[in-house]
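These notes concern the structure reproduced below.
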Amino acid sequence: MKKIEIEIVALSQSISQNQSYAVILGEVNGTRRLPIVIGGFEAQAIAVALERIKPSRPLTHDLFYNVLNHFNIDIKEVNIYKLDEGIFFSKLICIMDGAITEIDSRTSDALALAVRADCRIFTNEEILNTAGLQMEPKETPKEPSSKPRSKEKAPKEKAVSQEPDDNNELKQLNLDELNELLQHVIELEDYDKAVKIRDEIKKRK
């Protein structure tokens, strides 16, 4: 299956889920966005690396990355390769002594390590079609700037919930109104509602 390169374009708190954060991955050569809900601890680990903050003592992901470096294991890329029942599956593609090794990983951990290793991130067309959001070409994503502080126990990395609470409200809107609302909630970074609206649009087509 053809790989599609993506990158972290934003990190924000989920509006509908107070204890969760959304890491937004953007298609490098396209306009689609892939929101993934992660826990506060993992979001903090990603934010610290993105903002080049040096903690006084190594965080868990710093420790793991340092161990890899000590044993000359390089992270070549991260591959988000499967979406099953709302759960994203990822693996680290590593090189040790010239041999390529694949290591299973939670997506949030893989992304936290990808930022530290400055390696490329990939997914595939099926995942983008299933869980991705289409941005207008003129949209310019904001730079990651959040500084999550929550240390709640992390949930599994899930595709943003697709169980609409306002299903009846969306059904009353026409396609033009839905598309306009979709762009509005994306600008507000309310990716939970964006997915619900996207699914309603797909039902109409």
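On inspection, R57 does not qualify as touching a residue at least 24 places away in the same chain (Cβ under 8 Å), out of contact with any Cys (no Cβ under 9 Å at 6 or more places or on another chain) and not hydroxyl-bearing (S, T, Y).
Residues in the stretch 77-101 that are exposed (fewer than 15 other Cβ atoms within 10 Å of the Cβ) and either more than 24 Å from G40 (Cα to Cα) or among the hydrophobic types (A, V, I, L, M, F, W, C) (or both): I87, I95, M96, D97, G98, A99, I100, T101. Here V67 fulfils each of the conditions (1) in contact (Cβ under 8 Å) with a residue 12 or more places away in the chain; (2) surrounded by fewer than 21 Cβ atoms within 10 Å (Cβ to Cβ); (3) of a type outside the set (S, T, Y) apart from (1).
For the stretch 24-39, does any single residue satisfy the condition of being acidic (D, E) and closer than 26 Å to L188 by Cα?
yes
Figure legend. Inter-residue proximity from the stretch 28-44: first residues under 14 Å from E125 (Cβ atoms) and not assigned by TED's automatic domain parsing to the domain that holds L113, second residues modelled with pLDDT of 95 or more and not in a helix (DSSP H, G or I), beta-carbon distance below 6 Å, spacing 6+ or different chains. No pairs are indicated.
The values are calculated or read from the model by the stated rules, or taken from the named source; none is laboratory data. Small disclaimer: the values here were computed from a predicted structure and weren't measured. Virtual Cβ from ideal backbone geometry, glycine too; neighbours counted across all protein chains shown.
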